[in-house]
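Below is one structure, written out as structure tokens; comments come after it.
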Amino acid sequence: MIGELRVGYACVNTQLPSSARTLRLANVTPERLRELIGANLDALEAILRWNEANGIQVFRLTSNLIPFGSHAANELPWWEEFRPRLAVLGTLMRRAGMRISTHPGQYTVLSSTRPRVSSAAVAELSYHGRLLGAFGLDRSHRIILHVGSGAAEPAGAYERFAAAFERLPAATAERLVLENDERWPLESVLRLAERLRLPVVFDVFHHQLAPSFSSLGVRELVLRAGET
């Protein structure tokens, strides 16, 4: 809420079992996937209940909650098979007033010059969108992404990112948020975000590595990102 500070963390609760257990690609079977998905959802429930008990309202889900969620090796309609379980966890998230996000990893690069990489990024983001939707979470729960490659030739990177962005399902695209990083300073990210009408989240640590808006302090930069 405005005027309140909500505290959170990303993915790993060191007091509890991991919700990111996975397996090697060579060992993927439907049975093993079902086993791991069930275990990961059980671990997530324990984490969410711990968060609720400790007043933690901001939490980032691991990308590995559903092993190989965006890979062709995982053919399970997991969102259907685990629908009741996902609904219970979504109710818990909403009841506790949690703000849930995901943050696909460094290999999720919409701006890549390689079609195979950008296509894999579309698949990965689509998985994240489906995951948040499977919990019954509205679009205020977001997918945070970096611009990716191409900082040395931003015009081309913008075009590639925009083209790949157009391939995303609407339910995924409406959740996307851009974040500055050590290659793409806030000023450059804002240009792309304004073009695509996307919100921006400001990372102060990345800003220290790739600064911009030298006349503005951290408070002003947070407010500038907040305008999006």
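The values are calculated or read from the model by the stated rules, or taken from the named source; none is laboratory data. It should be emphasised that the depicted structure is a prediction, and the values quoted were computed from it without experimental measurement. Cβ: placed from backbone, ideal geometry, glycine included. Neighbour counts: every protein chain shown.
Points to keep in mind about this one:
- Pairs are defined by a Cβ separation below 8 Å, a sequence spacing of at least 6 or placement on different chains, a first member in the range 43-69 that is on the phi > 0 side of the Ramachandran plot, and a second member that is β-branched (Val, Ile, Thr); the pairs so defined are Gly55/Val7; Phe68/Thr22; Phe68/Val28.
- Unmet requirement for Asn180, which otherwise passes all of (1) in contact with an Asp or Glu (Cβ under 9 Å, 6 or more places away or on another chain); (2) over 22 Å from Val201 (Cβ atoms): (2)
- Test result for Ala43, outside any loop (DSSP other than H, G, I, E, B), exposed (fewer than 14 other Cβ atoms within 10 Å of the Cβ), among the hydrophobic types (A, V, I, L, M, F, W, C) and outside the structural domain of Pro169 (by TED's automatic domain parsing): no
- Some residue of the range 95-111 being assigned to a helix (DSSP H, G or I) and either over 16 Å from Gln57 (Cβ atoms) or at pLDDT 95 or above (or both): yes
- Residues that are more than 18 Å from the chain's Cα centre (by Cα) and of a type in the set (Val, Ile, Thr) were ranked within the range 1-21; the one that is modelled with the highest pLDDT is Thr14.
- Residues of the range 115-146 satisfying the condition of being in a helix (DSSP H, G or I) and closer than 18 Å to Asn51 by Cβ: Leu131, Leu132
To keep it simple, each residue is scored yes or no on (1) outside the structural domain of Ala10 (by TED's automatic domain parsing); (2) closer than 23 Å to Arg83 by Cβ; (3) acidic (Asp, Glu).
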position	(1), (2), (3)
Arg139	yes, yes, no
Ala151	yes, no, no
Glu159	yes, no, yes
Val177	yes, no, no
Glu182	yes, no, yes
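- Restricting the range 93-114 to residues that are small (Gly, Ala, Ser) and under 30 Å from Arg49 (Cα atoms), the residue that is farthest from the chain's Cα centre (by Cα) is Ala96.
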